[in-house]
Each structure stands twice: as C-alpha cells, then as structure tokens.
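> Submitted below is the structure of interest, expressed as structure tokens.
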Amino acid sequence: MDGKKVEKSLDEAIKEALEEAPKIEGYTIKQIAELTGTPWPTTRWHLELLEARGAVEHFEIGRAKVYSLKRSSKR
C-alpha cells in the first residue's frame, strides 16, 4: 500500500450506512386495531395503559407512533 486513502462514492457510503440501519419493529395503532378487530380509540386507550404499566413502548416516526413490546434493559 502506498498510503493513499481511497475515497468511497456517495452511493457506496449510503449503502454501507443503510446496511447498519436499525430495523423498525412494531405496529402503529391503526395496524394493531386492524389485527385485533378493535376500534382505533379503544386500541389507543389500551396501548396507553400497557405503556404506563411498562409492558409496551413507542417511538415516533413523523406523526405516527410505532408500538412494540418493551425490551428489558438487561442485555
């Protein structure tokens, strides 16, 4: 090697970054309501209760909340 740094193209850099991107796991309130056959307001209310109890958690993507089971902090 002659010590020259090989520059990556932007396409290559983006592809490498996306290979390590976090995967979205969970469902929106609407998706959970459809899966359970429950009205949206009822589903939201129960999700809020479960979140208050520490059983589920959410993160926001734009205006949508994506819910998943809460992961334990022990890893």
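The values are calculated or read from the model by the stated rules, or taken from the named source; none is laboratory data. Quantities reported herein were computed from a predicted structural model and do not represent experimental measurements. No Cβ is skipped: glycine too gets one built from the backbone with ideal geometry, and neighbour counts run over all protein chains shown.
> Going through ALA17, ALA13, ALA33 one at a time, which residue ends up being part of a helix (DSSP H, G or I) and surrounded by fewer than 10 Cβ atoms within 10 Å (Cβ to Cβ)? Steps first, answer last, please.
Working: ALA13 fails: surrounded by fewer than 10 Cβ atoms within 10 Å (Cβ to Cβ); ALA33 fails: surrounded by fewer than 10 Cβ atoms within 10 Å (Cβ to Cβ).
When all the criteria are applied, what remains is ALA17.
Residue by residue, here is whether (1) farther than 20 Å from ARG71 by Cβ; (2) within 19 Å of the chain's Cα centre (by Cα) holds:
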position: GLU20; (1), (2): no, yes
position: GLU25; (1), (2): no, yes
position: LYS30; (1), (2): yes, yes
position: THR36; (1), (2): yes, no
position: PRO39; (1), (2): yes, no
position: LEU47; (1), (2): no, yes
position: LEU50; (1), (2): no, yes
position: ALA55; (1), (2): no, yes
position: HIS58; (1), (2): no, yes
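> Only residues that are touching a residue at least 40 places away in the same chain (Cβ under 8 Å) and buried (at least 16 other Cβ atoms within 10 Å of the Cβ): list them for segment 54-68, please. Full working, then the answer.
So the first thing to find is which residues in segment 54-68 are touching a residue at least 40 places away in the same chain (Cβ under 8 Å), and the list is 66-68.
Correct list: VAL66, TYR67.
> Something else now. Here are some conditions: (1) among the hydroxyl-bearing types (Ser, Thr, Tyr); (2) modelled with pLDDT under 85; (3) part of a strand (DSSP E or B). SER72 meets all but one. Which one does it not meet?
(3)
> Another question, if that's okay. What is the residue count in segment 27-41 for residues that are closer than 15 Å to ARG63 by Cα and β-branched (Val, Ile, Thr)? Can you show your working first?
Pass one, segment 27-41, residues closer than 15 Å to ARG63 by Cα: 27-31.
Still in the running and β-branched (Val, Ile, Thr): 28-29.
Residues in segment 27-41 being closer than 15 Å to ARG63 by Cα and β-branched (Val, Ile, Thr): 2 in total.
> Follow-up question, since we're still on this one. Give me the pairs: first residue in segment 6-26 and closer than 26 Å to GLY62 by Cα, second residue not aliphatic (A, V, I, L, M), beta-carbon distance under 7 Å, and six or more apart or on different chains, which are they?
GLU25/SER68; GLY26/TYR67; GLY26/SER68
> With the requirement that a residue be in contact with a strand residue (DSSP E or B) (Cβ under 8 Å, 6 or more places away or on another chain) and closer than 17 Å to LYS23 by Cβ, what does segment 48-64 give you?
Of segment 48-64, the ones in contact with a strand residue (DSSP E or B) (Cβ under 8 Å, 6 or more places away or on another chain) are 50-51, 55-60, 64.
Listed by number, the residues that qualify are GLU57, HIS58, PHE59, GLU60, ALA64.
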